[in-house]
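Contents: one structure, followed by commentary.
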Amino acid sequence: MRTPLIAGNWKMHKTLAEASELVKGIREGVGGISGVEVLVCPPYQHLFPIAEAVKGSAVKLGAQNAHFELEGAFTGEISVPMLVDAGCTHVILGHSERRQYFAEDGPLLAKKVRAAVNGGLTAVYCVGETLEERESGRTAAVVERHMTEAIGKDVPADRLVIAYEPVWAIGTGKTATPDQAQEVHALIRGLLASKYDQATAESIRILYGGSVKPGNAETLLAQPDIDGALVGGACLAAGDFVAIIQAAETTVAMPS
Ligand code: 13P
């Protein structure tokens, strides 16, 4: 049984005052929740104060990116040891916005994933197709390429989470239907089984991301291979994010 993970990707949002307010609301909202792992991924400069703000709660801290080198002359970058120092346990890698706007590609992401897991972080590795790729029937090929480029048996399975985020569903209000998402999640599970083995593949969480909201979370999370959500817009309001976490708690309680 996989524990669902609900992760909030704050992207480039929130001043420190706003971030503190948001995390306070999340902390209060998740007080009585059990059986769900919760992760917040604020901008870098808020990591230390947010680490303090979540101390003693079930809320974990992640970053939105990392460099693959331990240190060096890489102006504007941040290293895995720095993220660990700030209290991070997770890092999002390969987000489509990084691929699209910052030209991050497979070979680079392969190095980043290894730097993250070797440095003690759990990598939340994102994969997913654009609208054009979906409409031309290339979804499976693109997802398989993203998986093959950066994930291999040398990546410890207990430090790995996969996030399927169809690019056409991110920030657009268009969510993949539960069936569309489940189909790709099952494909990813199969790819993991071929890289590791079936039992290991069954242990790795695969999150769905792309316009997840309180109103659609439960049906998505009820799918057998959807083990949580990577939430963008709806994680910026504590009430919405907590409602998604509650939806995950409901699905845990459902008989499978
Ligand atoms: P939205 O939830 O705003 O569509 O963003 C999803 C996402 O990109 C999370 O990483």
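Each reported figure results from applying straightforward, stated rules to the coordinates on display, with no laboratory input. Since the model is a prediction, treat every value here as computed from it, not as a measurement. So basically every Cβ, Gly included, is an ideal-geometry build from the backbone, and we count neighbours across all protein chains shown.
Residues that are free of Cβ contacts under 8 Å to residues at least 12 places away in the same chain and part of a loop (DSSP other than H, G, I, E, B) were ranked within the stretch 130-139; the one that is nearest to Met82 (Cα to Cα) is Arg138. Remark: pairs (first residue in the stretch 203-219, over 16 Å from Lys11 (Cα atoms); second residue of a type in the set (Ser, Thr, Tyr) and within 12 Å of the ligand (Cβ to nearest atom); Cβ separation under 6 Å; 6+ apart in sequence or on different chains) = Tyr208/Tyr164; Asn216/Thr175.
How many residues are away from the ligand (no atom under 16 Å from the Cβ) and either in a helix (DSSP H, G or I) or under 17 Å from Ala141 (Cβ atoms) (or both) if we restrict to the stretch 153-177? Residues that pass the stated criteria total 3.
Evaluated against (1) within 16 Å of the ligand (Cβ to nearest atom); (2) surrounded by fewer than 20 Cβ atoms within 10 Å (Cβ to Cβ); (3) under 30 Å from Gly120 (Cα atoms), Gln180 falls short on exactly one condition, (3).
Residues are listed down the side, and each one gets a yes or a no for (1) crowded, with 21+ Cβ neighbours inside 10 Å; (2) farther than 22 Å from Thr200 by Cα:
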| residue | (1), (2) |
| --- | --- |
| Gln100 | no, yes |
| Ala116 | yes, no |
| Gly119 | no, no |
| Tyr125 | yes, no |
| Arg134 | no, yes |
| Ala141 | no, yes |
| Thr148 | no, no |
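Across the stretch 41-52, the number of residues qualifying as buried (at least 20 other Cβ atoms within 10 Å of the Cβ) and touching a helix residue (DSSP H, G or I) at 6+ places or on another chain (Cβ under 8 Å) comes to 4. Within the stretch 12-34, if we keep just the residues that are part of a loop (DSSP other than H, G, I, E, B), touching a residue at least 60 places away in the same chain (Cβ under 8 Å) and more than 15 Å from Ala229 (Cβ to Cβ), the residue that is farthest from the ligand (Cβ to nearest atom) turns out to be Ser34. Name every residue in the stretch 201-223 that is within 10 Å of the ligand (Cβ to nearest atom) and assigned to a loop (DSSP other than H, G, I, E, B), in order of residue number. Gly210, Ser211, Val212, Lys213 - these are the residues of the stretch 201-223 that are within 10 Å of the ligand (Cβ to nearest atom) and assigned to a loop (DSSP other than H, G, I, E, B). Residues that are more than 14 Å from the ligand (Cβ to nearest atom), touching a strand residue (DSSP E or B) at 6+ places or on another chain (Cβ under 8 Å) and not in a helix (DSSP H, G or I) within the stretch 224-246 comprise Asp225, Ile226, Asp227, listed in sequence order.
Anything in the stretch 51-102 that is in contact with a Lys or Arg (Cβ under 8 Å, 6 or more places away or on another chain), touching a residue at least 60 places away in the same chain (Cβ under 8 Å) and assigned to a strand (DSSP E or B)? List them, or say none. Listed by number, the list holds a single entry, His90.
Identify all residues within the stretch 140-154 that are among the acidic types (Asp, Glu) and either without any contact (Cβ under 8 Å) to a residue 12 or more places away in the chain or under 17 Å from Ala63 (Cα atoms) (or both); write none if there are none. Result: no residue meets the conditions. Close Cβ contacts (under 7 Å, 6 or more residues apart or on different chains) running from residues in the stretch 105-129 that are assigned to a helix (DSSP H, G or I) to residues that are among the basic types (Lys, Arg) comprise Val117/Arg159.
Residue check: is Val30 within 19 Å of the chain's Cα centre (by Cα) and within 28 Å of Thr219 (Cβ to Cβ)? Yes; evaluated as a whole, the condition is true for this residue.
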